[in-house]
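Following: one structure in structure tokens, then a few remarks.
The values are calculated or read from the model by the stated rules, or taken from the named source; none is laboratory data. None of the values given here were measured: they were computed from a predicted structure. Here the Cβ positions follow ideal geometry from the backbone for every residue, glycine too, while neighbour counts run over all protein chains shown. With ligands, DNA and RNA removed, areas are computed over all heavy atoms of the protein, side chains included. Shrake-Rupley method; radii C 1.70, N 1.55, O 1.52, S 1.80 Å.
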Amino acid sequence: MDEQKDRGDRADRGDRGPMDPTRKLLKVFGVKVTDYEAKTDELLARWPAAGEHDRAAIQAEALELSADLAHWLREISTHVLERQERVLSALR
């Protein structure tokens, strides 16, 4: 139980306090990934029947969606790497 408390796990305690930064970031990232998958599946389905103008719009939307997802992936990576650095620096 102490390990769960250290991780900020509130599910077992029924505590509805504010979400810790890691969980919040992971939740946002999870939503971004699933949205990316759904939206890009739609774009891929439209691609074969699209004309030249529509294909340019599909490509632009795919690029925008990919850039947004890359941003959130960098946020996750930065968060994890900063935590690792903090821990390893403290243990010197």
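In table form, for the structure just shown:
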{"quantity": "Yes/no for ALA11 being part of a loop (DSSP other than H, G, I, E, B) and either at pLDDT 95 or above or open to solvent by less than 100 Å² (accessible area, probe 1.4 Å) (or both)", "calculated": "yes"}
{"quantity": "Cβ-Cβ under 6 Å pairs, at least 6 apart or on other chains, segment 64-83 side touching a residue at least 40 places away in the same chain (Cβ under 8 Å), far side open to solvent by less than 60 Å² (accessible area, probe 1.4 Å)", "calculated": "TRP72/PHE29; ILE76/PHE29; HIS79/LEU25"}
{"quantity": "Restricting segment 43-92 to residues that are open to solvent by 80 Å² or more (accessible area, probe 1.4 Å) and not in a helix (DSSP H, G or I), the residue that is farthest from ARG23 (Cα to Cα)", "calculated": "ARG92"}
